[in-house]
Amino acid sequence: MRTILSMLVAVGTLAATEALAQAPTFVDQSGREFRPPSESRSTRAQDHAQTQRSDRRDARDARAQQRVVAPAAFDGDWSVAINTQSGACEPSYRFAVEIIDGHVVYEGNPAGRVSPNGGVSVNISQGGQQAAGQGRLSRNYGTGVWRGYGSAGTCAGTWQAQRRD
């Protein structure tokens, strides 16, 4: 009798183990499904990772769209006046730049960038002279500072820009 009971327990255990291996969920008396802890953690981690990937993709798409649209607000022809405040450079100088898709172009060459919020950074070199400037543009006007060097030594000052079109 004891042998038969042991065999029934062994067969029942084997059958239960096989059933668990085939059916990944359990249903209680109320009809609710439960997953074994190892599976539910794995599924939660996968769901969380997928949500994070989706959120990153949405944020990246929004940034890309902002980069495509915003710089165009500053596109066009601009007149820039520089004023020297220190050094032996010319006291003032005026020149034209064009902004195309957020890129600053000086005499046909790339010279800098305008960010979506109007921040501008430029580097211009010609011959043995070089200048770098930073500042901010609004819709039709801009201001900033510059530093440069050339045959007259090191110079620095301010700049103002005005839209020409």
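The values are calculated or read from the model by the stated rules, or taken from the named source; none is laboratory data. Quick caveat, the model's predicted, so the values are computed rather than measured. Protein only, heavy atoms only, side chains kept; ligands, DNA and RNA dropped before computing areas. Shrake-Rupley method; radii C 1.70, N 1.55, O 1.52, S 1.80 Å.
Observations, loosely collected:
- Residues of the range 97-110 that are of a type in the set (Gly, Ala, Ser) and farther than 17 Å from residue 162 by Cα: 108 alone.
- Residue list for the range 99-125, restricted to those being under 17 Å from residue 81 (Cα atoms) and either more than 25 Å from the chain's Cα centre (by Cα) or hydrophobic (A, V, I, L, M, F, W, C) (or both): 99, 104, 105, 106, 107, 111, 120, 122, 124, 125
- Within the range 81-121, tally of residues that are assigned to a loop (DSSP other than H, G, I, E, B) and either among the aromatic types (Phe, Trp, Tyr) or open to solvent by less than 90 Å² (accessible area, probe 1.4 Å) (or both): 8
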